[in-house]
Amino acid sequence: MGNTMTSRGLRASGQVELASTDAPPNWKRAQVLLDHLRRTYPALPKDIPPSRLSTWLGHRPSTPDGLPVIGSASACPDIVHAFGHGHVGLAAAPATAVLIADVIAGRTPSISIATYSATRFRWL
């Protein structure tokens, strides 16, 4: 979970809901975050008016096996994939960038990226 001060107030994030993209959100998860904020910041008002709260969700690019997709597209080598890092994208971005820079420059990456090929999903 992460709590961040913004110009509009306190933002809490960190819940994961594994569901299809067309599934309705489970807003009970937002209540979990609000409860966490109240424990973390006991000076927060107990009865925050609903008009002062907002909820949102965003879909994260995840893959069935939990590994990212890194490398050139099989149908068009000019398209380079670098997605699907799930919840570690920010931490994995620098290493992925180095690998993708090698792919784009035509160099052999420092590690084999075959494991991360999109073609591993051809069975789907």
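Read-outs: derived from the displayed coordinates by stated rules, not from any lab. Remember, predicted model here, so these are calculated numbers, not experimental data. Using ideal geometry, Cβ is built from the backbone for each residue, glycine included, and neighbour counts are taken over all protein chains shown.
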Give or take rounding to whole Å, what are the principal axis extents of the alpha carbon atoms in segment 52-102, in descending order?
48, 23, 21
Please turn the phi angles of segment 109-121 into ³J(HN,Hα) values with the Karplus equation 6.51 cos²θ - 1.76 cosθ + 1.60 (θ = phi - 60°), one per residue in order, whole Hz, x for glycine and proline.
x, 5, 10, 5, 9, 4, 4, 9, 5, 5, 5, 5, 9
Rounded to 10°, Cα long-axis angle of helix 28-40 versus longest principal axis of the chain:
70 degrees
Candidate values [x] -0.41; [y] -0.26; [z] -0.20, label of the one derived for log10 I(q)/I(0) by the Debye sum over Cα atoms at q = 0.09 Å⁻¹
[x]
Could you go through segment 8-13 in sequence order and give the Karplus-derived ³J(HN,Hα) for each residue, using 6.51 cos²θ - 1.76 cosθ + 1.60 with θ = phi - 60°, rounded to whole Hz, and x for Gly and Pro?
9, x, 8, 10, 10, 8
Given C-alpha coordinates of segment 1-49, what is the ratio Rg to Rh with the Kirkwood estimate of Rh?
1.02
Long-range amide H partners of His81, meaning residues 5 or more apart or on another chain whose placed amide H is closer than 5 Å, are Gly71, Ser72, Ala73
If we count chymotrypsin sites (Phe, Trp or Tyr not before Pro) as exposed when they sit in a DSSP loop and have at most 15 other beta carbons within 10 Å, what is the longest stretch of the chain that avoids them all?
57-122
Quick one: angle between helix 89-105 and the longest Cα principal axis of the chain, in degrees between 0 and 90, rounded to 10, please.
20 degrees
